[in-house]
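Visitor: One structure, pasted below without further comment.
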Amino acid sequence: MTINEANFKGQKVIVRVDFNVPLDENGKITDDTRIRGALPTLKKVLDDGGALIIMSHMGKPKGKVNPKLSLGQIKDAVSAALGAPVKFAPDCAKAQDAAAALQMGEVLLLENLRFYPEEEGKPVGVEKGTPEYDEAKKAMKESQKEFAKTLASYADSYIMDAFGTAHRRHASTAVIADYFDADHKMLGLLMEKEVTAVDNVLSNIKRPFTAIMGGSKVSTKIGIIENLLGKVDNLILCGGMTYTFAKAKGGNVGNSICEEDKLDVALSVIEKAKENGVNLVLGTDCIAADAFDNNANTQVCPAGNIPEGWEGLDAGPESRKAFAEAIKGSKTILWNGPAGVFEFDNFTGGSRAIGDAVAEATAEGAFSLIGGGDSVACVNKFGLADKVSYISTGGGALLEAIEGKVLPGVAAIRG
């Protein structure tokens, strides 16, 4: 069953969304992309004449209640976006009465799912690799099923619309689907769009294909980087990763972020790019700062020759030119991760240069897919959201899908 074939009139529908939105110190949302992304699905349920139960996680409370990560903070914002009053259940596992009392056309938002360790299904307080951990894991698997069963009991139908967590087999993203038959579980409109966008990039590659991978660590991206080396024509590696590569090539990176235990991995990536005929573009210069601060003193220096006490916080002018050159003329573009500490206004130049080049290529007919929280925040910060083809709400999920892995959140619905 697809969501467009379904009619939710007279049904209570539980929808897994990804409302893990960034908040400022006062609990106000700083980027509501994820809430806006879920609206078509949520409104479809209400327009059909159904009742809506919304569930999500926020942050990493590690199975404990943390008021700073309460979804109660975003209730009013969700209500304003939906144009309907939203009730709040302060305990997601004890919302039976609130769900039972819900009338058609009404909306109930459940508290943060991850306040319960059963959501992620990870044992808490037991050391990994011990016999106790294995026992605890077995017990947790059963508890996770019970937790999912409780969530399922609130509703007649289940919609999975949280692409950002589709790569995790959590209670609310995959296990819950076992408690609904094929006609009462489906992917949401956002999920369908996300899956189609990934298919577009992978099955329908128009060349040249350029991937831009930013962010701080090689270790979190190595699987996707290796996978992309067999697919892309140009691979731009930027952000904090720059300095692991610079150090691997024998450079000095001062106080820059650098994964010393991944230098051999960096050299292997350089080698594989050569073997596959991929144009690997690494930052050659950077904007270095004498402190991790927006108002720090800065200087432009080679990425492999940063003075002691200084750290690279953004791509330098030569790197920006090289990035833009590689992006120019591309027909398929994937961008995940910024080129610098774009949260600081004085270190946005590298990410902005990439954003502008992607927007120009898109205007020339390229299909551009932007994925991952930071890249999305970049695109929004620079006012480029309507100048790219598709903005994905998922970081890890997008990367795993592009890596060719089966996403549990999709498999639970589609089999």
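The values are calculated or read from the model by the stated rules, or taken from the named source; none is laboratory data. Keep in mind that what you see is a predicted model, and the values were worked out from it rather than measured. Methodologically, a virtual Cβ is constructed for each residue, glycine included, from the backbone with ideal geometry; neighbour enumeration extends over all protein chains shown.
A quick yes/no check of all residues on (1) surrounded by 16 or more Cβ atoms within 10 Å (Cβ to Cβ); (2) of a type in the set (Val, Ile, Thr); (3) within 19 Å of Ala359 (Cα to Cα):
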residue	(1), (2), (3)
Asp199	no, no, no
Asn204	no, no, no
Thr210	yes, yes, yes
Gly215	yes, no, no
Val218	yes, yes, no
Lys221	yes, no, no
Gly230	no, no, no
Ile236	yes, yes, yes
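Visitor: Say whether the condition of being closer than 20 Å to Ala197 by Cα and assigned to a helix (DSSP H, G or I) is met by at least one residue in segment 302-319.
Guide: Scanning segment 302-319, I find no residue that is closer than 20 Å to Ala197 by Cα and assigned to a helix (DSSP H, G or I), so the answer is no.
Visitor: Further question: Somewhere in segment 372-386, is a residue polar (S, T, N, Q), surrounded by fewer than 24 Cβ atoms within 10 Å (Cβ to Cβ), within 30 Å of Asn295 (Cα to Cα) and in contact with a Lys or Arg (Cβ under 8 Å, 6 or more places away or on another chain)? Give the steps one after another, and end with the answer.
Guide: Step one: list which residues in segment 372-386 are polar (S, T, N, Q), which gives 375, 380.
Checking the rest, the ones that are also surrounded by fewer than 24 Cβ atoms within 10 Å (Cβ to Cβ) come to 380.
The next check asks that each one be within 30 Å of Asn295 (Cα to Cα); those that pass are 380.
Next, from what is left, pick out any that are in contact with a Lys or Arg (Cβ under 8 Å, 6 or more places away or on another chain): none.
Checked against the condition, which is being polar (S, T, N, Q), surrounded by fewer than 24 Cβ atoms within 10 Å (Cβ to Cβ), within 30 Å of Asn295 (Cα to Cα) and in contact with a Lys or Arg (Cβ under 8 Å, 6 or more places away or on another chain), segment 372-386 yields no hits at all.
Visitor: Next question. From the list Ala273, Ala326, Ala288, which residue is in contact (Cβ under 8 Å) with a residue 12 or more places away in the chain, assigned to a helix (DSSP H, G or I) and within 16 Å of Gly350 (Cβ to Cβ)?
Guide: On the way: Ala273 fails: within 16 Å of Gly350 (Cβ to Cβ); Ala288 fails: assigned to a helix (DSSP H, G or I).
Answer to the check: Ala326.
Visitor: When you go through Glu25, Glu5 one by one, which is the residue that is loosely packed, with under 14 Cβ neighbours inside 10 Å, acidic (Asp, Glu) and over 22 Å from the mean Cα position of the chain (by Cα)?
Guide: Of the residues listed, the single one that is loosely packed, with under 14 Cβ neighbours inside 10 Å, acidic (Asp, Glu) and over 22 Å from the mean Cα position of the chain (by Cα) is Glu5.
Visitor: Name every residue in segment 232-270 that is touching a helix residue (DSSP H, G or I) at 6+ places or on another chain (Cβ under 8 Å) and either without any contact (Cβ under 8 Å) to a residue 12 or more places away in the chain or of a type in the set (Phe, Trp, Tyr) (or both), in order of residue number.
Guide: Phe245
Visitor: Just one of (1) under 20 Å from Ser203 (Cα atoms); (2) buried (at least 24 other Cβ atoms within 10 Å of the Cβ); (3) among the aromatic types (Phe, Trp, Tyr) trips up Phe323, so point out which.
Guide: Of everything listed in (1) under 20 Å from Ser203 (Cα atoms); (2) buried (at least 24 other Cβ atoms within 10 Å of the Cβ); (3) among the aromatic types (Phe, Trp, Tyr), Phe323 misses just condition (1).
Visitor: Pairs needed: first member in segment 341-354, modelled with pLDDT of 95 or more and crowded, with 24+ Cβ neighbours inside 10 Å; second member anywhere, aromatic (Phe, Trp, Tyr) and not in a helix (DSSP H, G or I); C-beta distance under 7 Å; at least 6 residues apart or different chains.
Guide: If the second residue must be aromatic (Phe, Trp, Tyr) and not in a helix (DSSP H, G or I), the pairs left are Ser351/Phe342; Ile354/Trp335.
Visitor: Moving on to the next point. Do we find that Asn20 is assigned to a loop (DSSP other than H, G, I, E, B) and not assigned by TED's automatic domain parsing to the domain that holds Ser153 in this structure?
Guide: Considered against the rule, which asks whether it is assigned to a loop (DSSP other than H, G, I, E, B) and not assigned by TED's automatic domain parsing to the domain that holds Ser153, Asn20 comes out as no.
Visitor: Identify, from the list Ser56, Ser79, the residue that is out of contact with any Lys or Arg (no Cβ under 8 Å at 6 or more places or on another chain) and in the same structural domain as Ala152 (by TED's automatic domain parsing). Don't jump to the end; show me each part of the working.
Guide: Values: Ser56 fails: out of contact with any Lys or Arg (no Cβ under 8 Å at 6 or more places or on another chain).
Of the residues listed, the single one that is out of contact with any Lys or Arg (no Cβ under 8 Å at 6 or more places or on another chain) and in the same structural domain as Ala152 (by TED's automatic domain parsing) is Ser79.
Visitor: Might you let me know whether segment 363-380 holds any residue that is part of a helix (DSSP H, G or I), over 22 Å from the mean Cα position of the chain (by Cα) and either farther than 19 Å from Cys286 by Cβ or not acidic (Asp, Glu) (or both)?
Guide: The answer is yes; a qualifying residue exists.
Visitor: Taking segment 30-48, which residues are under 17 Å from Met160 (Cβ atoms) and either outside any helix (DSSP H, G or I) or aromatic (Phe, Trp, Tyr) (or both)?
Guide: Once the filter is applied, which keeps residues that are under 17 Å from Met160 (Cβ atoms) and either outside any helix (DSSP H, G or I) or aromatic (Phe, Trp, Tyr) (or both), segment 30-48 yields nothing.
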